[in-house]
Amino acid sequence: MRTGLIRWQMPAYQWEDRPLSYWLKSNLASDPEGYQQWRIDNQPKFLFDEVNPIPQSVSWDQFQVVKEADHYLAGITRYFSKTDYQTGFPPDWHLDPFHNIRISPDKHWSQIADNGVYDIKFIWESSRLSQIYTLVRAFARTKDDNYCQAFWQIIEDWMDNNPPGMGPNWMDGQETALRLMAICFGFTAFKNNAQTTPEKVERFTILVAALADRIYKNIEYAIFTRSNHTVSEGLGIWLAGTLFPELKLAEKYQKKGKSILEKEACRQIYPDGSYCMHSLNYHRFVLQIFMFALRIGELNEVKLSNCVYQAIERSVEYLYQLIDPNTGLMPQYGSNDGALVLPLNGCDYTDYRPVIQVGYYMIRGKRVFPPGSWDEDLFWFYGDEPLNSLIETKNQIPDSIFLDSGTSKISGESTRAFIRCGTLKDRPSHADQNHLDLWWQGKNIALDAGTYLYNGNEHWRNGLASTKVHNTVNVDQQDQMQKFSRFIWVNWSTGIVLDHQEENGLKYWQGQQDGYTRLKDPVLHKRTIVLLADQAWLVVDHVAGLKEHEFTLNWLLDHDFSTVEGEENTLRLSHQSKNLIAKFGLVGEHALLSCVSADPNSNRGWLSRYYGHKEPALSVQLTANNKQALFWSFFGPKTFSIKTLPDALIVLTKGWQFKLDQKSILIGQPSRDMEIKINPLINN
């Protein structure tokens, strides 16, 4: 890029420089009328042939999507499934509305930095053209031709303002592929509308060809990244080759894309079903890409290999084990950049039921969730038939350790814990070894902060990837790994699950991570998690070096936690008419809890569920300056009696006796003459 080689290999040009005849095979008509007739006679199959009305029997919201579509036509664009910005219609394609900065499209894309005072993702977001899905869904409900008119207005305006190779919207092959998916969806929906003239079809195909050309000529870079870019860009050229066989390079596109998709499904989806980028948001991203390809391949008799289906089956099963079936929510592990490839339902962005429902039906021919808004994806993929399919009764496994992903799950009565601890085989996005998510009564009470921004000022420059905002222990204010750039960590930390037991109704887990052994005085961190009486959690953290360090235990908690007057280091949470107590301490030392919410000068006390949007949360920290520290954290109902002594912690409930001191965790149940001893300390 710096030498100008990219500009020579992929020069910018004007649309009229490469007319339709430039892209088509030599034996095909390239005049508008002749070409449109060829498309009518030889149209490959898409997810649907035309937009069918929404069935009357469903309970989906019929008006929200119409409202969003009308807002879009009125100049209000929704970014990252959450925040609305005044952008005009068609939008200003080169505006970052978050920072109110506009990039001029007067340079070749290779000369534009993706790291400036603007956030390039905000510029790219409107050009993903995700609102096309909204227009089509609104059209299915209303049959209002204004949505078709808007689709063509978007296509023409985008082309007028984004000549090939010029400006920020040609910078990224993945963005190009997602744009290609969206316009194919809209074109199929409106191809038979009276407003779809031969001239528009001609120009549309020129756009498809230019987008596919952009991806194909730089596909080796996408392959090199070994990431979701590889998958999406592989899909992009495969889609162009499959749906537009009239293009000169269609066969090459399809063959190359198919090879990439099949290879990456086997490589990027781990044997336990988890995803190599260590992000549940990216996991959903690639699942939707693969399922989109699988369905179109089936319809056109160019099926992808069984390895892709097997990867999807593993992947769907993995996600099902993590989801809250009643809300669709999951832990927010890893990068969360707001990507939602197929926004085909009225569910919130945080709801993962739609992708699991489609994946399960695709593999098993049945649904796994009862009817709801998440079924609309099935309607767009398969029509009415799956809406009457059987619903399989499926149970989640209470406790699971997914070694490939480094995720452990422990379940109790109306409570669950998810722990991040494992060996990294692919590049991590967050420094979060031994991070713990807690759920209680369906509410995520100890949270992962998310992402917020990749490119913000100072602490908001991908700042929520840091160890300091995760629910784990931080040493000397350093991360578990060293930051090389915004997205690259070096000296990857390794987590090891040491033990996971269920004994006489008691569950406990132990894991250790070595992220701080790189320090001049190496430090290890061992975490022990005990589920008491199936409803309370005791978390014990031992960190130890040979010299004095600053050890900080951090928790990011639900904002509804409040302090308890007269009780030191104690918080209370009320939810669904139940009360939860959270209490924190240091064995053998006295330390006061630091509680901060929505700190305006740092990233402390913030939660981001949607990219570019943050909300207050409660950051709780306990700090010790010593050679070692033994932290404890308790989360449980008020029925538990908690006593803190100078050198011990004692918890009593329903016949259970629990004692933590500087040597061991001793758990007894006198009525059953049972005693269990656990070592929470790092072994020499």
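The values are calculated or read from the model by the stated rules, or taken from the named source; none is laboratory data. On a predicted model such as this, the values are computed, not experimentally measured, just so you know. In this analysis, Cβ positions are derived from the backbone assuming ideal geometry, glycine residues included, and neighbour counts consider all displayed protein chains.
Odds and ends about this structure:
- Checklist (1) polar (S, T, N, Q); (2) touching a strand residue (DSSP E or B) at 6+ places or on another chain (Cβ under 6 Å); (3) exposed (fewer than 12 other Cβ atoms within 10 Å of the Cβ) applied to S30, failing item: (3)
- Boolean, F584 is aromatic (F, W, Y), free of Cβ contacts under 8 Å to residues at least 60 places away in the same chain and under 25 Å from D499 (Cα atoms): yes
- In a residue-by-residue description of the range 473-489, the property of being at pLDDT 95 or above, out of contact with any Pro (no Cβ under 9 Å at 6 or more places or on another chain) and of a type in the set (D, E) applies to at least one position.
- Every residue from the range 352-367 that is buried (at least 20 other Cβ atoms within 10 Å of the Cβ) and assigned to a loop (DSSP other than H, G, I, E, B): Y352
- Hits in the range 582-615 (condition: closer than 21 Å to S466 by Cα and among the acidic types (D, E)): D599, E615
- Enumeration of residues in the range 650-664 that are part of a strand (DSSP E or B) and without any contact (Cβ under 8 Å) to a residue 60 or more places away in the chain: I650, L652, Q657, K659
- Among the residues of the range 300-347, just one is of a type in the set (S, T, N, Q), without any contact (Cβ under 8 Å) to a residue 60 or more places away in the chain and buried (at least 22 other Cβ atoms within 10 Å of the Cβ), namely S315.
- With respect to the conditions (1) within 15 Å of G186 (Cβ to Cβ); (2) over 28 Å from the mean Cα position of the chain (by Cα); (3) of a type outside the set (A, V, I, L, M, F, W, C), G165 lacks only one, and its number is (1).
Condition check ((1) surrounded by fewer than 16 Cβ atoms within 10 Å (Cβ to Cβ); (2) small (G, A, S); (3) outside the structural domain of L340 (by TED's automatic domain parsing)) across all residues:
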{"residue": "G88", "(1), (2), (3)": "yes, yes, yes"}
{"residue": "F98", "(1), (2), (3)": "no, no, yes"}
{"residue": "D114", "(1), (2), (3)": "no, no, yes"}
{"residue": "W124", "(1), (2), (3)": "no, no, yes"}
{"residue": "R137", "(1), (2), (3)": "no, no, yes"}
{"residue": "K143", "(1), (2), (3)": "yes, no, yes"}
{"residue": "Q153", "(1), (2), (3)": "yes, no, yes"}
{"residue": "D160", "(1), (2), (3)": "yes, no, yes"}
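For (1) out of contact with any His (no Cβ under 7 Å at 6 or more places or on another chain); (2) part of a loop (DSSP other than H, G, I, E, B); (3) not assigned by TED's automatic domain parsing to the domain that holds G167, each residue gets a yes or a no:
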residue: R7; (1), (2), (3): no, no, no
residue: A12; (1), (2), (3): no, yes, no
residue: E16; (1), (2), (3): yes, no, no
residue: K45; (1), (2), (3): yes, yes, no
residue: D49; (1), (2), (3): yes, yes, no
residue: N52; (1), (2), (3): yes, yes, no
residue: D61; (1), (2), (3): yes, yes, no
residue: K67; (1), (2), (3): yes, no, no
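- Set side by side, the residues L580, L557, L573 differ, and just one is under 27 Å from the mean Cα position of the chain (by Cα), among the aliphatic types (A, V, I, L, M), modelled with pLDDT of 95 or more and under 21 Å from T639 (Cβ atoms), which is L557.
- Hey, Y275 in contact (Cβ under 8 Å) with a residue 24 or more places away in the chain, in contact with a His (Cβ under 6 Å, 6 or more places away or on another chain) and either surrounded by fewer than 24 Cβ atoms within 10 Å (Cβ to Cβ) or not small (G, A, S) (or both) or not: yes
- Residue satisfying all of: in the range 407-422; part of a loop (DSSP other than H, G, I, E, B) and modelled with pLDDT of 95 or more; nearest to D541 (Cα to Cα) among these: C421
- L607 part of a strand (DSSP E or B) and out of contact with any strand residue (DSSP E or B) (no Cβ under 6 Å at 6 or more places or on another chain): no
- All of A598, A617, A582 fail the test of being assigned by TED's automatic domain parsing to the domain that holds W460, aliphatic (A, V, I, L, M) and surrounded by fewer than 23 Cβ atoms within 10 Å (Cβ to Cβ), apart from A598.
- Among the conditions (1) in contact with a strand residue (DSSP E or B) (Cβ under 7 Å, 6 or more places away or on another chain); (2) small (G, A, S); (3) modelled with pLDDT under 95, the only one that G75 does not satisfy is (3).
- Residue match in the range 527-543 (condition: among the acidic types (D, E), without any contact (Cβ under 8 Å) to a residue 24 or more places away in the chain and not in a loop (DSSP other than H, G, I, E, B)): no
- Counting only residues that are over 22 Å from the mean Cα position of the chain (by Cα), basic (K, R) and in a loop (DSSP other than H, G, I, E, B), the range 456-507 holds 0 of them.
- Checklist (1) part of a helix (DSSP H, G or I); (2) within 22 Å of H94 (Cβ to Cβ) applied to Y216, failing item: (2)
- Residue identified as in contact with a Pro (Cβ under 9 Å, 6 or more places away or on another chain) and modelled with pLDDT of 95 or more among E233, E199, E246: E199
Residues checked against (1) surrounded by 24 or more Cβ atoms within 10 Å (Cβ to Cβ); (2) touching a Cys at 6+ places or on another chain (Cβ under 9 Å); (3) under 24 Å from L630 (Cβ atoms):
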position: D399; (1), (2), (3): no, no, no
position: S408; (1), (2), (3): no, yes, yes
position: I419; (1), (2), (3): yes, no, yes
position: R427; (1), (2), (3): no, yes, no
position: H430; (1), (2), (3): yes, no, no
position: D448; (1), (2), (3): yes, no, no
position: T472; (1), (2), (3): yes, no, yes
position: Q478; (1), (2), (3): no, no, yes
position: I488; (1), (2), (3): no, no, no
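- The sole residue among S405, S414 that is on the phi > 0 side of the Ramachandran plot, touching a residue at least 60 places away in the same chain (Cβ under 8 Å) and among the hydroxyl-bearing types (S, T, Y) is S414.
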